[in-house]
Structures are given as structure tokens and as C-alpha cells.
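The values are calculated or read from the model by the stated rules, or taken from the named source; none is laboratory data. All of these numbers come straight from a predicted model, not from anything done at the bench. Here the Cβ is made from the backbone with ideal geometry for all residues, glycine too, and neighbour counts use every protein chain on show.
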Amino acid sequence: MTDKSLSGGAGRVPFASLSAYYFFYYAFIGIFLPYFTLYLQSRGFSSARIGLLLALMQWMRLIAPNMWGWLADRLGRRMPILRLAAAISLAGFAIILLDDSFAGIAIAIAIMGFFWTAQSPLAEATTFSHLAGRHGYGVVRAWGSFGFIVAVLAMGWWLAQAGIEWVIYGGTGILAAVALSALLVPEAPRAQHAAGAGSLLVLLRRREILALLASCMFMTAAHGALSVFYSIHLVDVGYSKGTVGLLWTLGVLAEILVFIRAPSIMARFALRGLLVFALIVACVRFVLIGWAVGWIWLIVPLQLLHGITFGLNHIAAVSAISRWFGGIHQAQGQALYGSISAGAGGIIGSVISGCLWDWLGAGWTFTTASALALAGLLVLVTGWRKAPEQAET
């Protein structure tokens, strides 16, 4: 595979190598997210223990990215750190092949999570640095969604014929591909100056930045029930594992459409407005998933809304972070977004859904998820009050 590049005045973008990395990175998520909870359930773990294991991954996301992002910005080099993190992620997850007890899986998730969660902000910062202000992130990120779809469909098909332990075998193999593809991504040129080159503490005093980070935390928390229990929820009401995979695939197809159309969407609408819209849709989506899961004619369009609640929210958020934390703070900005949004938000969502699932059931668990999205909406509209043209520069 030759490394076709996007050209531009600021240099060439290594499109193929970046896309390959994103493809395999999200292919692992395509195995982990829909099927790992089913694997844990097959091991006899309670919903509370499943929630704790998934929350452990988010604790690592809360701690690790900021450390690695700070180090990358200090050294001016991201890819050596990303490659090391990819290799240790593989070694950590492979522990489950040797010890599938609760303690063994917890150790594996802790090690894998600490290094796995370092990769995304470094990859995002590297991609935006290669782009140097040009459009193209959505197209590169779409390859990650393609990887997710391939993994979801392939694993769903294979699990219909083979044992659930193949979730671990497949995940280990994909992590090896992630580590290999990371070797092909070149380092991005270091920024010499940027609008975000002031003090990091000064940036973090801005109300709109704090409002964005907090709203993204609540949005990720709202997705916690989806991430941890959506597959179990579907199987419990009679859907097959193959259908579960197809439903996850529909959501990611909607993501891909949003990512591909991102340049025209963001040229037409302000980032703040896109984020508000995504949170409103999330409020509606999650409450209906909780109470109407048996109606396939409704679940299909609700899953397509994943393109808005995740895809649109994510690309608007990382674009805002890239603008605000440009240049020397790029990796730290993306790391903060990952830690607060996916880290703190993931912990809140995993723990709350794990505690509520057995106590109140699926309906009220997803209703709580809807309430978390509402909290994010209120934080965003009250905290980010500036005109979009002022706040986004």
C-alpha cells in the first residue's frame, strides 16, 4: 500500500498511513465495545463487576493522556510515545489469554488502558499538525469508522459459529496490527507559533473551554449505558448477536457520513450550535432506547442517531480544541479533552449504569443517561455564551 498524501502549502499529509492506523485502532474498539461485555457476562460476572471493569478503563483514560500529552509537547515528538504505548497495550490485553479471572482481567485492563488511552490524543494532535489548518480530518477519521464496521461485522459473524473467547483472540490480533501500523506514521512538523501558544492555565480559565469540556464529559457519561449494556440489552430482549453487530454497524455508518460531510457542515454551522444540537438529540435518543428496545422499526433510526450524538459531537469538540490549543499545546489540549470527556465521563457513565442496571432495570438506566445529556446541554448553553465567531478563534 503506497502512502498517498493530501497536498497543501504547509506540506504533505500522510493520508494512507494515518488512515491505516485509525482503521486498526477503531477496529479494536469494534471488537471491544460491542462484544467484550458479552465475554465478561459469559464469565459469570455481575453487572456491577462488569461496570467496574469498564470503569477501570476510564480511570486510566482520566490519568494517562495528560501525562503522555505533556511529555509529547515537552519533547516535541509524539510518534515514539504513541508506538511504545501501542506495543504495551498489546502486551497488557494479552494477559487475559493467561488469566481470565476477575483479578487477571482487571490487571489486563489497567495495563492496556493506561497505554491505550494515551494513543488517541497523540494521534489526533499528530493528524491536526499534519493538516496544518486544512480540511481532511473527517476523511481520515472516517477510516477509523470503517475499521469499526469491519470488526463488528466480522466478529459478529464469527461468534455465531465459534466461542465467545474469540473476542480475546481477535482483540489481541487487532492490537498487534495497531502496533505495526503506528510504525508507518511519520512525525508531524513541530509548530513554531500558534494562537494557542500562551499559558495553558490562561486557556483553562476561559468559560467556553470549561463549558465545552464539562458538556463533553456529560455526553460521554450519557453514552455509558450504551457502551456497557447496549449489547446485553439487545440480547436480553431476543436479538441475535449478528443483529447486535448490524445495529452497531448502522450507528457507525451514520458516523462515517457525518465525518465525510464534516467540512461542509462546519462551514455552514457554528461549532457551539452543532454541540447543542447533538446534546438535544442525545436526550431523546437514550430515553427511547431504554423503553422501546423491542420495536426494531424504532431502534434502527435511534441507532442511526449515533452519527449525531457521537460523530457530530466528537468532530465539533476536537475541532474546537484544536483551535483553542493550537501549536505547542496541541497534544495537551487533546489529552485534556480525552481525560475529561472520555475519562471522567466514562467513569461516571460506567459506574452509574452498572449500579442502576440490576436495581432499576434497563429503562431507568437509559433514562438516567438521557438526564446526563440534559445536564451537558445546560452546562454548555450557560457556560459558552459568547458569539461563536469570538469563542472559536
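Quick notes on this one:
- Condition broken by E124, with the remaining ones in (1) of a type in the set (D, E); (2) assigned to a helix (DSSP H, G or I); (3) surrounded by fewer than 17 Cβ atoms within 10 Å (Cβ to Cβ) satisfied: (3)
- Residue in the stretch 306-315 that is under 19 Å from G349 (Cβ atoms) and more than 20 Å from the chain's Cα centre (by Cα) present: no
- Note on the stretch 150-177: among residues that are not in a helix (DSSP H, G or I) and not aliphatic (A, V, I, L, M), the one that is farthest from the chain's Cα centre (by Cα) is Q161.
- One residue from I328, I308 being modelled with pLDDT of 85 or more and of a type in the set (A, V, I, L, M, F, W, C): I308
- If you go through the stretch 61-72 and keep only what is out of contact with any Pro (no Cβ under 8 Å at 6 or more places or on another chain) and buried (at least 24 other Cβ atoms within 10 Å of the Cβ), you end up with R61, A72.
- Some residue of the stretch 322-345 being under 23 Å from T37 (Cβ atoms) and not in a helix (DSSP H, G or I): no
- Matching residues, the stretch 232-277, being assigned to a helix (DSSP H, G or I), more than 30 Å from R43 (Cβ to Cβ) and either basic (K, R) or touching an Asp or Glu at 6+ places or on another chain (Cβ under 8 Å) (or both): R261, R268, L271, R272
- Any chance A94 is among the hydrophobic types (A, V, I, L, M, F, W, C), closer than 26 Å to H314 by Cβ and either crowded, with 18+ Cβ neighbours inside 10 Å or touching a residue at least 40 places away in the same chain (Cβ under 8 Å) (or both): no
- Some residue of the stretch 83-92 being out of contact with any Phe, Trp or Tyr (no Cβ under 6 Å at 6 or more places or on another chain) and farther than 25 Å from A188 by Cα: yes
- Residue in the stretch 214-225 that is under 25 Å from G44 (Cβ atoms) and either within 23 Å of the chain's Cα centre (by Cα) or modelled with pLDDT under 85 (or both) present: yes
- When residues of the stretch 279-322 are limited to those that are free of Cβ contacts under 8 Å to residues at least 12 places away in the same chain and among the aromatic types (F, W, Y), the one surrounded by the most Cβ atoms within 10 Å (Cβ to Cβ): W295
- Members of the stretch 46-60 found to be surrounded by fewer than 24 Cβ atoms within 10 Å (Cβ to Cβ), of a type outside the set (A, V, I, L, M, F, W, C) and within 15 Å of G338 (Cβ to Cβ), listed by number: none
- Residue, surrounded by the fewest Cβ atoms within 10 Å (Cβ to Cβ), within the stretch 4-45, restricted to residues that are out of contact with any helix residue (DSSP H, G or I) (no Cβ under 7 Å at 6 or more places or on another chain) and at pLDDT 80 or above: G44
- Sole residue being in a helix (DSSP H, G or I) and farther than 26 Å from M217 by Cα, chosen from A86, A55, A103: A103
- With respect to (1) at pLDDT 80 or above; (2) buried (at least 23 other Cβ atoms within 10 Å of the Cβ), the lone exception for C355 is condition (2).
- Conditions (1) modelled with pLDDT of 90 or more; (2) touching a Pro at 6+ places or on another chain (Cβ under 9 Å); (3) β-branched (V, I, T); number of the one not met by V244: (1)
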